[in-house]
Amino acid sequence: MSRIGRKPIPMPKGVSYVVEGNTVRVKGPKGEVTTHMPAGVKLEQNDGILTVVREDDSKAAIHGLVRALVNNSVEGVTRGWTKELDIVGIGYRAEMKGKTTVVFTLGYSHLIEYPLPAGIEVAVDPKQTHLTVSGIDRQKVGFVAAEMRSLRPPDPYKNKGVRYSNERLKKKVGKTGAK
């Protein structure tokens, strides 16, 4: 029995959803998110609470997945999603070029220009070492943050690079400590 799939999804005021074939469009105050919904699962709404119901037990594997995706869409159009990144290293920084491009200086011989996809916003702090990626689609926000981190992943010896703000890194011992 899926415990996640059985949890109800609270529908705040101003949020509506429409099922069209195998997609669910969730509309709210911040915008609209479209989510894929596999066959064999349907949504039911009672008293402002949305529940995911599966046809039979053969759809148990996707029951919790669909509930999580729809819940992420509902939260995205009401509150939005954010990921925070820190840039650590001497001379490493990021700056905005217009509203659609982030320019990174990460110790390479060239600058890295990262174009932002539609629906994603990035805020760079005045020190240029802290970025906040935000948007209404959780998957897109996480993907953009992961791509930015992959431009210069944290070095295991000096911990320099781009990392998530809440990420714990384990520093390796260098050559002198390997006795």
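Where strands (runs of 3 or more DSSP E) sit wholly within region 80-179, those with at least 2 residues that are among the hydroxyl-bearing types (Ser, Thr, Tyr) and in contact with a strand residue (DSSP E or B) (Cβ under 6 Å, 6 or more places away or on another chain) occupy 101-105, 130-135. Among the residues of region 105-128, those that are surrounded by 12 or more Cβ atoms within 10 Å (Cβ to Cβ) and either aromatic (Phe, Trp, Tyr) or under 28 Å from residue 73 (Cβ atoms) (or both) comprise 114, 116, 117, 119, 120, 121, 122, 123, 124.
Yes or no, residue by residue, for (1) touching a Gly at 6+ places or on another chain (Cβ under 7 Å); (2) under 27 Å from residue 15 (Cβ atoms); (3) hydroxyl-bearing (Ser, Thr, Tyr):
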site	(1), (2), (3)
33	yes, yes, no
46	no, yes, no
56	no, no, no
82	no, yes, yes
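Taken over region 1-21, the residue count meeting the criterion of being exposed (fewer than 14 other Cβ atoms within 10 Å of the Cβ) and under 29 Å from residue 121 (Cβ atoms) is 8.
Within region 47-67, restricting attention to residues that are surrounded by 16 or more Cβ atoms within 10 Å (Cβ to Cβ) and out of contact with any strand residue (DSSP E or B) (no Cβ under 7 Å at 6 or more places or on another chain), which residue is farthest from residue 107 (Cα to Cα)? Among them, the one singled out is 64.
When residue 25 is tested against (1) among the basic types (Lys, Arg); (2) over 30 Å from residue 165 (Cβ atoms); (3) at pLDDT 90 or above; (4) assigned to a helix (DSSP H, G or I), exactly one condition is not met: (4). For residue 131, state whether it is closer than 30 Å to residue 12 by Cβ and either modelled with pLDDT of 90 or more or crowded, with 16+ Cβ neighbours inside 10 Å (or both). Taking the combined requirement at face value, the residue satisfies it.
The values are calculated or read from the model by the stated rules, or taken from the named source; none is laboratory data. Here the structure is a predicted model, which means the values were calculated and not measured. Cβ coordinates were reconstructed from backbone atoms using ideal geometry, including for glycine residues, and neighbour counts include every protein chain displayed.
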